[in-house]
Each structure stands twice: as C-alpha cells, then as structure tokens.
Amino acid sequence: MQNGYLGSILLPALCFLGACAADEAPPAVERQGEPVEVRVATVEAADQSSLYDAIGTVRAEHSALISSRIPSYIRQVHVDAADRVRQGQLLIELDDRDLLLRLDQATAAKTEVDEAIQEAMHALASAQSQLELAELTHKRFEDLLARKSVSQHEYDEVAARLRAASAGVEMAQARKRQADAKRTQVEAQIAAAEVSAGYSKIYAPFEGVVTERRMDAGTLAAPGAPILVIDQAGRFRLEASVPESRLNIVRTGDIVPVRLDGLENPVEGRITEVVPAVDPGSRTAIVRISLPSLSNLRSGMFGRASLIAGGSKSALTVPEGAVVRRGQLQSVFVVENDVARRRLVSLGSGASGRQTVLSGLSGGEQVVLNPQDVRDGAPVRVSGAGGGSQS
C-alpha cells in the first residue's frame, strides 16, 4: 500500500524532472535549408605598423554658454536639451518690466527736455531782439551826445540798457546750452534703456543643438551664469590626451583612424592642433582631431585615435568588414565544417581597413566577410578562399 502510494508520487515528479532536463538541454544545430553562400578571408599574420591608441572625448568645435547680460528673472525658456535650434532663434525671455519702466522714464524726461529747449530758444530770440534795439538806441544816443543834444545822464541810461540786453542774450544762450546738454544726456539714457530692454530676449548665436539646460522659468539669471549650452551643428572633434613622451609621433595634418563608442565602424580624422602646453599633473598634452560630419555624433562620446608610433610588428589581422559589433562586444563568424560559428574576439588598433586580433582567433581560420547574411549555426558554402584576402 505504501509502495503504491510512494510510486504515485515519484512517477509524476520524475516525469517533470525529465521534461525540465529536456527543456534545458542545448538545442541541436539546425542544418536544414540551402547553405548560404559566403565570402571568406583567412586569418594570418602580417606586419603591422606599431600604433598608439590616444583616448579622448568628442567635443563640438564651437560651443556657446548662453547667459544673461543683466540680472533678471527668467520668464520663459523656449528650448530644452537635445533641441535643434537655428541661428537667430528666440531661446530665452527675461522679465523686462523694470527695463521698460526705465525706458518710459527716459522717454518722458526727453519730452520735458524738448519743451525746455523750445522755451530756451524763444527766450534767446527775445533777448537777441532786445539787444538789437538797445544797440540801435545806443548808437543814436552816441550821435546826440556828440552834438550835445542829450545829457550825459540820459546817455548813461541807454548804455546801461545795452549792457543789460547783452547780458540777457548770454544768459539765454547758457540756458539753451544747458538744455541741449540735458537732451544729449537723456538720449544716452534712452539708448541705454533700449539696449538693456533688448537684453531681455536672448537668441541663438548659430545653428546647433542644445546640450544642457541649467535654469528654468522663475530663476534669477545672473550675468555670466550659463542658462543653456549649445554645440554648433555638424562640427565635432576628438580631444585626445597624448603623453609628452609620444608627442613626437603627432603631426598636424595627418589622417588617423578614430574608433568611437556608438559607431560600428571607424572614421577618419585629421589632426588639426596640438595644444602646446603640457598638463604638469598628468604629463599629457591635448591633441585635437577633426571628425567628419555625421548625424549620430554627440558631444561627450568616448573615442580612440590610432597614432602611428613607428616600427612594425607581426600580428594576426582580420578585415574590418568581418567584425560584428553589438555595444561593447565584438565578434566574427568562423567557418567550421561548412557551418558559420559566432566567435567573440578581442581586437586592437586598426589600419588600412584591417583590425589587429588580440584574442579569439588563430592563424589559418576563415572568417565570413558578409556576416550580415548568416547566423550562428547556419550552413554555408564558401564561394572561394583567399589567403588573408577577400574571396
């Protein structure tokens, strides 16, 4: 009785474990279907120039820190990080109420000054008329005095009125000059107020991409404090650190291969500048390498530039076209018994379209040159084999 009960429990359990074991067993390689025709190259040793990988970061050739020129609260930021902007596009609006108030005050002051100038001009015209009359009277009394037709006292009164009229003209002219100077001052205040009011709107200096947004609406923007960071579109370079002991291998104008994380294939860069100063802490100098215009380049990307260090050494290499990259993993398809097998590899620097093999492959093995057409375990038919070259 007990044995039957125990058997009824163990039998389903054993069946369950057997099913699980069957599920966990590695699947057999599928070889059904027509073989895929592939081109291959043989892995073999070749003399390779000794290379040095300079590690660096991708930067925009031109980057702008967008900040306010006046202290004011931010009313609105019209763009966000990753937005593309065109030259002259409105980016930021600041609170301009105080600025507009100052402009209104300066405009009102100019109106008062214009009225004062009009009054001064009328007063000057009146004073000049009185001076002309006093001069004529004085001239006539001089003639009368010479003929003894008027007394000295009468003549002295006319002379005094002439001096008073002349002083009146001088005073009116002084008031006119003061009013003119005041108008110049007020006009300068208006111009300054208009310029300050213009600072309340901030525009894009060039076409590019917003890489950072550091402030939001309601924040007090201080002069010089960055609100946005914009990289100019389409112009990037790799800024790599090179030890001072290897600066002798760097030549401005040289074309060097650059490998960037995020890009499957290397790109060609041109050395444009070697910063003359050496960092005393790291004992390295910055080498700037211009990059081609690619839509998927971003500031901050990690990159390596292969610099020819001189001399050569024998090393296994594979064609760049045989390498499959998935993130940080690199692999190739190796033909084994007419089957394509995926093989993880470790690769070093490259040149002339070939990558140095650090591990994962042996000399004489055949790698597939059209890896996009096959999968791991697929039957293949080699169209032809070449010693280290495409077949």
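Structure data summary
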read-out: Computed lengthening from D95 to S359, 0.36 nm per intervening residue step minus Cα-Cα distance; value: 88.8 nm
read-out: Mean Cβ neighbour count within 10 Å, used as a protection proxy, ranking 145-152, 175-182 highest first; value: 175-182, 145-152
read-out: Separation of alpha-carbon centers, the stretch 213-261 and the stretch 282-311, rounded to whole Å; value: 11
read-out: Debye, to nearest 20: dipole size of the stretch 37-189, +1 on Lys, Arg Cβ, -1 on Asp, Glu Cβ; value: 800
read-out: Calculated FRET efficiency for the pair S346/L263, C-beta based, R₀ 25 Å, to 0.05; value: 0.85
read-out: Rg/Rh ratio calculated on Cα atoms of the stretch 81-236 (Kirkwood radius); value: 1.47
read-out: Accessible surface, per residue, of the chain when the full set of protein chains is kept, probe 1.4 Å, Å²; value: 59
read-out: Separation of the Y199 and V36 label points, Cα + 7 Å toward Cβ, nm; value: 6.4
read-out: D (Stokes-Einstein, µm²/s), Kirkwood Cα radius, the stretch 181-324, 0.890 mPa s at 25 °C; value: 124
read-out: Whole-angstrom Cα spans of the chain along principal axes, big to small; value: 162, 75, 45
read-out: Label point 7 Å beyond Cα of I55 along Cβ direction - residues of the stretch 316-346 with amide nitrogen under 19 Å; value: 327-330, 346
read-out: The chain, helix-only ellipticity at 222 nm - DSSP H runs n ≥ 4, -39,500 (n - 2.57), divided by all residues, nearest 500; value: -11500 deg cm²/dmol
read-out: Linear extension gain, A46 paired with D80, 0.36 nm per residue minus alpha-carbon span; value: 7.1 nm
read-out: Virtual spin-label span in nm between S299 and E132, 7 Å along Cα→Cβ; value: 7.1
read-out: Cβ-derived FRET efficiency at R0 25 Å, A160 paired with A125, nearest 0.05; value: 0.65
read-out: Inter-label distance for Q87 and R246, nm, one decimal - labels placed 7 Å from Cα along Cα-to-Cβ; value: 3.8
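The values are calculated or read from the model by the stated rules, or taken from the named source; none is laboratory data. Every value quoted in this text rests on a predicted model; they were computed, and no experiment measured them. FYI the Cβ positions are ideal-geometry reconstructions off the backbone, even for glycines, and counts take in every protein chain you see. The accessibility values were calculated without ligands, DNA or RNA, using every heavy atom of the protein model including side chains. Shrake-Rupley method; radii C 1.70, N 1.55, O 1.52, S 1.80 Å.
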